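Values in this text are rule-based calculations from the coordinates and carry no lab data. Every value quoted in this text rests on a predicted model; they were computed, and no experiment measured them. In this analysis, Cβ positions are derived from the backbone assuming ideal geometry, glycine residues included, and neighbour counts consider all displayed protein chains.
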Amino acid sequence: MTPQPQPNPVPVLSARDLTKSYGRTEALRGAGIELAAGEILAVTGASGSGKSTLLHCLAGIVTPDSGAVSYQGERLDQAGERRRTELRRTDFGVVFQFGQLVPELTVLDNVCLPLLLGGQRRAAAAVKAEEWLERFGVRAQAGLRPGELSGGQGQRVALARALVTGPSVVFADEPTGALDSLAGEQAMAALVHAAKDSGTSILLVTHDARVAAYADREVVLRDGAPVPSQFGTPVPPVSPAQRQDQS
Ligand SMILES: Nc1ncnc2c1ncn2[C@@H]1O[C@H](COP(=O)(O)OP(=O)(O)OP(=O)(O)O)[C@@H](O)[C@H]1O
């Protein structure tokens, strides 16, 4: 018998029985999920199935109507806005489809920003930011402004900014959704490499099977709840050669 994937006994992040409605729309209907330390989990599903809402609840951006969200044993759904903002600054990294870089700041300053907000000195922040720009292959662009970057470069800068604080969890909502397939592949490969290197967990929302193939495990949402089981199914490994074939 094929062994069934088991949830990590002490997940870094977990949610159970989440519900969330917007007016009469039930975005989440009893959704549960567990994310292990260092795990890359893809949340997939049709448009409107509740993927982004689930990510927002897990990241403490949205408060569920009912159910529990726990981060390292702390109830996020019961935490105040100040604590949730603090966690997003210190423990979580967030990246969306459009990187949301600050257009007036240089690439380097964009990546320094979360460190400066966390109280680090500028010189130390710049050293760290340059390291992460290097890891994502965009150090040469450090002095440019976001408007001068290609879509792929901009998204890799956004990923560097999400990881520069050394978060435990990165929430990535369609991080390659605005990119062509090659740029998307490069950004995903860089993200997975960096996360595995630093032991960062990633919650990855995507509707793209090729992006989901980078994950360790996949949970499919349908109508606001996971199918077929709360703990998801492992994603079959996809070799780089197969990925090339698919692009
Ligand atoms: N802020 C909001 N106000 C009103 N309705 C919302 C809001 N956010 C989400 N919804 C609704 O909740 C449902 C789930 O939306 P959600 O964005 O979570 O789905 P999704 O799976 O991420 O979709 P997509 O893949 O299209 O981004 C949808 O019917 C959506 O219209």
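Largest first and in whole Å, give the semi-axes of the stretch 74-218's equivalent ellipsoid, each being the square root of 5 times a Cα gyration tensor eigenvalue. Present the calculation step by step, with values, prior to reporting the outcome.
Working: eigenvalues 92, 89, 34 Å².
Gyration-tensor ellipsoid for the stretch 74-218: 21, 21, 13 Å.
What FRET efficiency, computed as 1/(1 + (r/R0)^6) with R0 = 22 Å and r the Cβ-Cβ distance, is obtained for GLN72 and VAL227, rounded to the nearest 0.05?
Values: r = 27 Å, r/R0 = 1.25.
Calculated transfer efficiency: 0.20.
For the stretch 98-166, give the magnitude of the charge dipole about the Cα centre (Cβ charges: +1 Lys/Arg, -1 Asp/Glu; no others), in debye to the nearest 20. Write down the numbers at each step before the final one.
Values: 8 positive and 6 negative charges, 28 e Å.
Once rounded to the nearest 20, the dipole reads 140 debye.
Between 0 and 90 degrees, rounded to the nearest ten: what's the tilt of helix 81-90 against the longest Cα principal axis of the chain?
Compared with the principal axis, the helix lies near 60 degrees.
Using amide H atoms built in the peptide plane, which far-off residues or other-chain residues are under 5 Å from LEU221 H to H?
Amide H neighbours of LEU221: THR44, GLY45, VAL227.
At 1.567 mPa s and 4 °C, plugging the Kirkwood radius over alpha-carbon pairs of the stretch 166-220 into Stokes-Einstein gives what diffusion coefficient in µm²/s?
Details: Rh = 11.4 Å.
Translational diffusion coefficient: 113 µm²/s.
Quick one: which residues, 5+ away or cross-chain, put their amide H under 5 Å from the amide H of THR200? H built at 1.01 Å from N.
none
Using Cβ counts within 10 Å as a stand-in for footprinting exposure, how do VAL10, VAL43 rank, fewest first?
Listed from fewest to most nearby Cβ atoms, that is VAL10, VAL43.
Explain nothing, just compute: Karplus ³J(HN,Hα) = 6.51 cos²θ - 1.76 cosθ + 1.60, θ = phi - 60°, for every residue of the stretch 67-78 in order, whole Hz, x for Gly and Pro.
Ordered by residue, 3J(HN,Hα) equals x, 10, 10, 10, 10, 6, x, 9, 6, 5, 5, 9 Hz.
Can you work out the Karplus-derived ³J(HN,Hα) for every residue in the stretch 192-202? Use 6.51 cos²θ - 1.76 cosθ + 1.60 with θ = phi - 60°, whole Hz, and x for glycine or proline.
5, 4, 5, 5, 5, 5, 9, x, 7, 7, 10
Mean 1/r over all different Cα pairs, inverted: what Kirkwood radius does the chain give, in Å?
Working: mean 1/r = 0.0545 Å⁻¹.
Averaging 1/r across every pair of different Cα atoms and inverting gives 18.3 Å.
For the chain, calculate the relative contact order in percent as a whole number, restricting contacts to Cα pairs under 8 Å that are 6 or more residues apart.
On the way: 490 pairs, mean separation 68.3, N = 247.
Computed over the chain, the figure is 28 percent.
Any idea how far apart VAL102 and GLU148 come out in nm if each label point goes 7 Å out from Cα toward Cβ?
1.8
I'd like the per residue volume of the convex hull spanned by the Cα atoms of the stretch 98-166, given in cubic angstrom. Working shown, then result.
Values: hull volume 5.1 nm³, N = 69.
With only Cα atoms used, the stretch 98-166 gives 73 Å³ per residue.
Once you list every other residue whose beta carbon is under 15 Å from the beta carbon of GLY143, what net charge do they have if Lys and Arg are +1 and Asp and Glu are -1?
Values: positive: ARG139, ARG145; negative: GLU104, ASP109, GLU130, GLU134, GLU148.
Within the 15 Å Cβ shell, the charges total -3.
Would you list LYS51, LYS128 from fewest to most Cβ contacts within 10 Å? Spell out each step's value before the answer.
Values: LYS51 28, LYS128 17.
Taking fewest neighbouring Cβ atoms as first place, the list is LYS128, LYS51.
Run the numbers on the stretch 98-166 and let me know its relative contact order in percent, using alpha-carbon pairs under 8 Å that are six or more apart. Numbers along the way, then the final one.
Values: 87 pairs, mean separation 32.7, N = 69.
Result for the stretch 98-166 is 47 percent.
Taking the Cβ of LEU113 as the center, what net charge do the other residues with Cβ under 15 Å away carry, scoring Lys and Arg +1 and Asp and Glu -1? The partial results should precede the final answer.
Values: positive: ARG88, ARG89, ARG121, ARG122, LYS128, ARG145, ARG161; negative: GLU104, ASP109, GLU130.
Counting the neighbours of LEU113, the net charge comes to +4.
Relative to the first principal axis of the alpha-carbon coordinates of the chain, what is the inclination of helix 107-117, with its axis defined by its Cα atoms, in degrees from 0 to 90 and to the nearest 10?
For 107-117 against the chain, the angle is about 60 degrees.
For every other residue with a beta carbon closer than 14 angstrom to the beta carbon of GLY199, add +1 if it is Lys or Arg and -1 if Asp or Glu, then tell me the sum.
Values: positive: LYS196; negative: GLU39, ASP91, ASP197, ASP216.
Cβ neighbours under 14 Å give a net charge of -3.
Under the rule of -39500 (n - 2.57) per DSSP H run of 4 or more residues, summed and divided by the residues of the chain, what mean residue ellipticity at 222 nm is obtained, to the nearest 500 deg cm²/dmol? Write down the numbers at each step before the final one.
Details: 8 runs with 85 residues, N = 247.
Helix-only estimate at 222 nm: -10500 deg cm²/dmol.
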